[in-house]
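Q: Got a structure here, written out as structure tokens. Questions coming.
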Amino acid sequence: DGGITQSPKYLFRKEGQNVTLSCEQNLNHDAMYWYRQDPGQGLRLIYYSQIVNDFQKGDIAEGYSVSREKKESFPLTVTSAQKNPTAFYLCASSGTGSFYGTGELFFGEGSRLTVL
Amino acid sequence: AQKITQTQPGMFVQEKEAVTLDCTYDTSDQSYGLFWYKQPSSGEMIFLIYQGSYDEQNATEGRYSLNFQKARKSANLVISASQLGDSAMYFCAMRFSSGSARQLTFGSGTQLTVLP
């Protein structure tokens, strides 16, 4: 089935360690996104990528890094510089086309990161 | 500044009744898109319905309809004949024409509980 796969679903990290969250999509979408969700809050954009080998910072990019070497993959690294990394991380993708099309985001099931 | 506001942190509805979830937005853009997503306790984000700012008719998708009042800058979600499976977090989101790619800005969400 087509969709977005995030792994791992649960991850524990010690303070000072970097951790990488995987996001793979087989929807042939050009654009991919990473959002962060804190308890009881909405989603905030970390990074997004419209095409391979290109990505832009979102609203809360500090302490995070990404790469987009393949169309299907958009991994997110949570670095030790991120002061409060415990959160739920959601990856999404969308197809290109007219702005006036629906163009909804398709989401993965999320990765829950806990810093011990 | 672009902003999405959901003023109802929690809502309760009796099974089989209709419920309205509020969403207001603030933008100076003329072209924009409005989305509603459902997030069950499992965490994934499920796209429900879309309304374009130039759409003259309110969007409908099955039991979901969007009460779009452009002059009031509101885009309320109406769920008819509520079911127990509708219990979830609901997010209003907006795509602005001045934004890049198809990134969405999300509200803080409304937790809906359907009572048997």
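Nothing in this text is a laboratory measurement; each read-out follows from the coordinates by a stated rule. This one's a predicted model, so the numbers in the text were calculated from it and none came from an experiment. Positions of Cβ are backbone-derived with ideal geometry, glycine not excepted, and every protein chain shown enters the neighbour counts.
Q: Set the Förster radius R0 to 45 Å, insert the Cβ-Cβ distance between A:Leu116 and B:Thr60 as r into 1/(1 + (r/R0)^6), and round the FRET efficiency to 0.05.
A: Values: r = 47 Å, r/R0 = 1.04.
Given R0 = 45 Å and the Cβ-Cβ separation, E is 0.45.
Q: To continue, here is another question. Straight-line reach only, C-alpha to C-alpha below 29 angstrom: list the lysines that A:Lys57 could link to, leaving out same-chain residues fewer than 8 apart.
A: Correct list for A:Lys57: A:Lys9, A:Lys14, A:Lys70, A:Lys71, A:Lys83, B:Lys3, B:Lys38, B:Lys73.
Q: With springs only between Cα atoms under 10 Å, which of B:Phe47, B:Phe35, B:Phe96 fluctuates most in a Gaussian network model of chain B?
A: Evaluated over chain B, the most mobile residue of the options is B:Phe47.
Q: Using a Gaussian network model on chain B with a 10 Å cutoff between Cα atoms, which of B:Ala71, B:Ala93, B:Ala59 fluctuates the most?
A: Comparing B:Ala71, B:Ala93, B:Ala59 in a Gaussian network model of chain B, the most mobile one is B:Ala71.
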